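Have a look at the structure below before the remarks.
The values are calculated or read from the model by the stated rules, or taken from the named source; none is laboratory data. Quick caveat: nothing in here was measured; it's all calculated off a predicted structure. Glycine gets a Cβ as well: all are built from the backbone with ideal geometry, and neighbour counts include every protein chain shown. Note: accessible area is taken over every heavy atom of the protein model, side chains too, but ligands, DNA and RNA are not part of it. Shrake-Rupley method; radii C 1.70, N 1.55, O 1.52, S 1.80 Å.
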Amino acid sequence: MKRILLSALLLSGLMLAVAQVKKEDLATKNTASPGAETSVTINGKNLWIYYHAPSVRGRHIFGGAGAHQPDGSVWRLGADYATVLHTDADLDLNGLAIPKGDYTLYADLDSGQWKLIVNKTLMAGGRHIWGVGVSPDGIREGATTDDPATELGRASLIMGKASSPLETLKITLSGAGGAKGKLLIEWENVTASAPFTLN
């Protein structure tokens, strides 16, 4: 009996280990914020981020009074479903250890010094988590679905200013030689980046 139970536990653990987010399940029909993907293969290991890319559309997005995403807020790093990171390898993202697997990403816009939030929650029941929702107190409509209790951790981002305004959100993963790479987030007049290394 113990052998059967142990085999069942090992099999269920293996199934969880190979389970992966299906990008097609994240796509919406929202043409104002279409689905977008960035990916890179480093040392034979694939990393990708799937997100929905909103546009500025005349709004003031970051920083200062009246910003759509004000300093000090947590942003879902896109639109619609929460932005998802998949990595085939363990990563060190600017000092944050990320085991291989699937995660949701958010950004803490801490007084203009952003931090990337890596969260372990992917699903809400039988569906992928939406990027925003109603907070447990029912007051803050549009609060992100990031829950500090389920965060893997936060990594500081290197802030910059875009050379020219970028209308549509763009997230890029790129190789930087050897086992190294770079994550770059660009939108409106802001750039935010972080180096990473595959372990």
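Some observations on this one:
- Rounded, prolate or oblate (a/c below 1.5 giving rounded, otherwise prolate when a/b exceeds b/c) for the range 59-137 by Cα gyration tensor: oblate
- For the range 100-109, 3J(HN,Hα) per residue [Karplus equation, 6.51 cos²θ - 1.76 cosθ + 1.60, θ = phi - 60°, Hz, x = Gly/Pro]: 4, x, 10, 8, 9, 10, 9, 10, 8, 8
- Residue pairs, from the table 45/170; 22/161; 29/100; 29/161, whose Cα atoms sit over 28 Å apart: 22/161; 29/100; 29/161
- Solvent-accessible area, 1.4 Å probe, carbon plus sulfur percent, for the range 32-183: 52
- Surface accessible to a 1.4 Å probe, residue 86 within the full protein complex, Å²: 10
- With at most 15 other Cβ atoms within 10 Å, longest stretch of the chain clear of loop trypsin sites (Lys or Arg not before Pro) (DSSP): 141-199
- Area accessible to solvent at residue 71, 1.4 Å probe radius, in Å²: 80
- Residue 111 accessible area, assembled protein chains, probe 1.4 Å, Å²: 90
- Looking at the range 46-109, none of the chymotrypsin sites (Phe, Trp or Tyr not before Pro) sits in a DSSP loop with at most 11 other Cβ atoms within 10 Å of its own Cβ.
- Angle between the chain longest axis and helix 2-18 axis [Cα atoms, degrees, rounded to 10]: 30
- Reachable aspartates and glutamates, given that their alpha-carbon falls under 14 Å from the alpha-carbon of residue 23 and they are not under 8 places away in the same chain: 37, 80, 102
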